[in-house]
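Just below is one structure, and these are the notes that go with it.
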Amino acid sequence: MDNNTSHIPTDPVIRISHLHKQFGSRVVLNDFSLDLRRGESMVVLGRSGSGKSVLIKCLIGLYMPDGGSITILGKDTSQLDHEGLDVMRAHVGFLFQSNALYDSMTVRENLEFPMRHHLKNISKEEANKRVMEALTNVGLAHTVDMMPSELSGGMQKRVALARTLILNPEIMLYDEPTTGLDPVTGKEISTLMTEIQRIYNTSSIIISHDMKCVERTADRIAVLIDGNCYALGTFDELQQSNDQNIKQFFE
Amino acid sequence: MKLPVNLSDFLREAGSLSLFVSRFVTELFHPRQEWRQFVRQCFVIGVQSFALIGITGFIMGLVLTMQLRPSLMSYGVEAQLPVMVGLAIVREIGPVITALIFAGKISSGIGAELGSMKVTEQIDAMEVSGTNPFRYLVVTRVLATTVMLPILTVLSDAISLYGSYLGVNIKGHTSLTLFFFQVFQTLTYSDVLPAMIKTLFFGFAIGIIGCYKGYNSQKGTEGVGKSANAAVVISSLLIFIIDLITVQITDLLGLN
């Protein structure tokens, strides 16, 4: 991806300020701050267990932060009630690491599921149109009546991606999108993510430690070490860093 | 004073289950319910359990009759066989055995299904999709087990009595009409109603334990297996505890 970010407006769609999260006595996020600009693709890079997934789950409201604040599309998520959180989530797509497709539902039902709450009055024709459009955009229109168990890992990832797109989100959150995939499929998913960014005009936060994926998708990279944002820059800037903590990711 | 590990674990588990039950009650009275999912669960939980319940009920009635006959013959009261079997099946054996079979099939199934959904982040995905997973998964299943177990028990009792009728006719001859006339002649509302009411509690216990164990499943696939196993063990134990309590209550009320 083009690392020249001068074309990206500075309006932040997500502002994370001094975020703190701990489980028992184990501090996972400590004074973590980051801005995601509109249209930007931000990769949060960190080692396994460094708190990347906790960070992204705090953003979507699956974990409540113990301190600091998260502002998404101008709204402080700590001030939102359950309904407010639901409204916010309609603007944010979340791709789970395990895909989280519903085993007992067909691909069509999986894609229709988010619409049952957020688009209650949508007609059957419109719902079908949205399902087919999302599946077409990930190249899997022919799987619409299949069960998730009939799909390969890469196909499941694409269907999960299509499900996140069904509500036309403004922001996409990806939790380790290429983990567990072979290099070829991983490359396809990374390419698809950049395509989606272009088609749907989304801003993205991508949690990853797959450097190939990072290189293909990142406008900027935030390095997460010891619970805070250790370094921030483009792929080229960080690659040239002499800091051993950063260099280890690029070796 | 520090509590022993096992006791403190037990108290923590009991507290956690109490919170789960109180959340169930709160969500139950929410105006927006998943009725379509509830009907689906009634089908999955109730209708698809019917064959198993029916077969075990039939065997239970037949075997009970064959086992009771020699004892009654020795006292010269073989003619009371339909009455004895009818009372035993309707008051105690039918509800308890049906509930135990139901717990084995349904509680473990719910525990495994919800546990699997938990570890593969499907429950989180529901939350993110704007659907309340507790109402969608837990409330519908607990309601379905609570409603379907009494219905299955009635059907199981009926099939058991038919099995018993065949058992009576292995070494004797009684017409179907006479058999059921003898059974129903002695049965009263105080035999039937407490038995039916306790199946509501059995159904609730089976559903809530299966959901609780599955919903709080941890540690990957190993945790799913443990959840399913624990759901069966605890719900089976609860069936006997509830049975003991209801017998005491009916005794106090003079219904025994």
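The long axis of helix A:153-165 is offset from the longest Cα principal axis of chain A by roughly 90 degrees.
Across the stretch A:117-127, computed HN-Hα scalar couplings (Karplus, 6.51 cos²θ - 1.76 cosθ + 1.60, θ = phi - 60°) run 9, 8, 10, 4, 8, 6, 6, 4, 5, 5, 4 Hz from first to last residue, x flagging Gly and Pro. Only beta bridges with both residues in the protein assembly as shown are counted; by DSSP, about 55 percent of them are antiparallel.
Altogether, the Stokes-Einstein calculation at 20 °C and 1.002 mPa s, with the Kirkwood radius of the stretch B:34-252 over Cα pairs as Rh, returns a diffusion coefficient of 116 µm²/s. For the stretch A:109-251, dividing the convex hull volume of the Cα atoms by the residue count gives 126 Å³ per residue. Once C-alpha pairs closer than 8 Å and six or more residues apart are averaged by separation and normalised to the residue number of the stretch B:34-252, the relative contact order reads 36 percent. The GNM of chain B, with springs linking C-alpha atoms under 10 angstrom apart, assigns the highest mean-square fluctuation among B:SER129, B:SER190, B:SER236 to B:SER129.
Can you give the accessible area buried between chains B and A, summed over both chains, with a 1.4 Å probe, in Å² to the nearest 100?
1700
Counting only protein heavy atoms and a probe of 1.4 Å, the accessible surface of the stretch A:98-168 is 48% carbon and sulfur. For the stretch A:98-168, averaging the sequence separation of C-alpha pairs within contact (under 8 Å, six or more residues apart) and dividing by the residue count gives a relative contact order of 50 percent.
Working note: Karplus 6.51/-1.76/1.60 with θ = phi - 60° gives the stretch A:230-238 the couplings 6, 8, 9, x, 7, 4, 5, 4, 6 Hz, where Gly and Pro are set to x. Of all stretches in chain B that contain no trypsin sites (Lys or Arg not before Pro) in a DSSP loop with at most 13 other Cβ atoms within 10 Å, the longest one is B:33-170.
Taking Lys and Arg as +1 and Asp and Glu as -1, the other residues whose beta-carbon sits under 12 Å from that of A:VAL131 total -1.
Hey, can you find the accessible area per residue of the stretch A:98-168 for me, probe 1.4 Å, expressed in square angstrom?
44
Probing with 1.4 Å while keeping every protein chain in the model, the per residue accessible area of the stretch B:155-256 equals 53 Å².
For A:GLY68, the residues whose modelled amide H falls within less than 5 Å of its own, excluding neighbours fewer than 5 places apart on the same chain, are A:HIS20.
Note: relative contact order over chain A, using C-alpha pairs below 8 Å and six or more positions apart, is 28 percent. Using the Karplus relation 6.51 cos²θ - 1.76 cosθ + 1.60 with θ = phi - 60°, the per-residue 3J(HN,Hα) values for the stretch A:204-212 come to 9, 10, 10, 8, 7, 10, 8, 5, 5 Hz, with x marking Gly and Pro. Interface residues of the stretch B:96-141, defined as a loss of at least 20 Å² in heavy-atom accessible area between the chain alone and the complex of all protein chains with a 1.4 Å probe, are B:THR120, B:GLU121, B:GLN122, B:ASP124, B:ALA125, B:MET126, B:GLU127, B:VAL128, B:SER129, B:GLY130, B:THR131, B:TYR136.
Specify the residue with the greatest mean-square fluctuation among A:ILE171, A:ILE225, A:ILE199, computed from a Gaussian network of chain A linking alpha-carbon atoms under 10 Å apart. In this elastic network of chain A, the residue with the biggest mean-square fluctuation among A:ILE171, A:ILE225, A:ILE199 is A:ILE199. The mean count of C-beta atoms from other chains within 10 Å of the C-beta of residues in A:57-68, rounded to a whole number, is 1.
Mean per-residue shielding of peptide A:81-90 is 2, counting Cβ atoms of other chains within 10 Å of each Cβ. Under 5 Å between amide hydrogens, built in the peptide plane, is the criterion, and for A:ASN228 it picks out A:ASN30 among residues at least 5 positions away or on other chains. Among all the aspartates and glutamates, which ones have a C-alpha under 12 Å from B:LYS219's C-alpha, if same-chain residues fewer than 8 places away are not counted? Filter leaves no residues. Non-local lysine pairs in chain A, meaning eight or more places apart or on different chains, with alpha-carbon distances under 20 Å, amount to 13.
Per residue of peptide A:93-103, the mean number of Cβ atoms on other chains within 10 Å of the residue Cβ is 5.
The values are calculated or read from the model by the stated rules, or taken from the named source; none is laboratory data. These figures come from a predicted structure and were not determined experimentally. Every residue, glycine among them, receives a Cβ derived from its backbone with ideal geometry; neighbour counts consider all protein chains shown. We work out accessible area using only protein heavy atoms, side chains counted, and drop any ligands, DNA or RNA first. Shrake-Rupley method; radii C 1.70, N 1.55, O 1.52, S 1.80 Å.
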